[in-house]
Amino acid sequence: MKQREAFKKRAAALPTVQSRPQAEKRAAVDAPKKEKSKKAKPTPAASVKNVANFDYKTAKQSMANNFGNLAKIVDHMKKRHLEQHTWALTLEEILEELQIFDLSNKTKQWLREVMPNNPRLNMSEENKYIYRPPFKITNRKSLLSLVKRHDLDGKGGILLSELAECIPNADKTVQALGDAVCTFPTSVNKRKDKVIFYNDPESQVQMDEEFRALWRTVAVDHLDEKKVEEYLQKHGIESMKDLAPKKTAGAGQAPKRRAGNRRQKVHNVHLTESGVLKDYSIDKH
């Protein structure tokens, strides 16, 4: 008993530090992380509130305004090209010439991202823009060479509306070419237009007026190929049937194969030759 009392006194005199359990330490460390994750994740009610605050009409209106400003810029650059102002401009200089000073930084950034990809604008290394016409022509001589090259390459004619974006007074320039080109009226996207072809003098053939009159009297606009063929057969004129494409087997039909003499494989020939097997199919009597 005396020794036990002495041990208690020594133990009470020694300083002790109580250590926390490992689980409590982990809980204390993970508590701030959980609070941060709870703050970061929006609640369903908050997400619904954000969607409710989003105005689709305002967003559509802003995009429409952006494209409207882009169209104004392209039209202004085309006007400068037709006035032979060939030096490039930055976006800020273009907006200054257009007297547009109320654009937000977001709209300007959108224009900087879209303008380099516009087919009617060229951007230099100094982030300056210049108009890109459909064709590189400057005068009547370059226009004639362009129309002639189109004819040689089989590209057909050139629309007058496209020429109007390249040179000023495109109508007068085309008229100055005279008989070197042919002009025909046409319609593109429900708009009246004209198409210019090269008038090759080597391809002109002189026809008698009698043949021209016969050509004008024959009208086949209301006839299809079948009715034209019936008309030719009625008047004793055979149509070109040999030029019609031959019918081939459809996707679901297998091609027909020619029947041939197939040789049947004979088994156990070595047994027959050795005399073990005998053939009783032929009556020897």
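What is the diffusion coefficient of region 56-131 in µm²/s, taking the Kirkwood radius over Cα pairs and the Stokes-Einstein relation at 20 °C with a viscosity of 1.002 mPa s?
Diffusion coefficient, whole number: 166 µm²/s.
From Cα pairs below 8 angstrom and at least 6 apart in sequence, can you work out the relative contact order of region 56-131, rounded to a whole percent?
Value for region 56-131: 39 percent.
In this simple spin-label approximation, residue 153 and residue 189 carry label points 7 Å from Cα along the Cα→Cβ vector, and these lie 2.2 nm apart. When every Cα-Cα distance of region 140-203 is counted in 10 angstrom steps from zero, the calculated P(r) takes the values 21, 58, 20, 1 percent.
Every read-out reported here was derived from the displayed coordinates using simple, explicitly stated rules and does not represent laboratory data. Note that the structure is a prediction, hence the values are computed from the model and not measured. Virtual Cβ from ideal backbone geometry, glycine too; neighbours counted across all protein chains shown.
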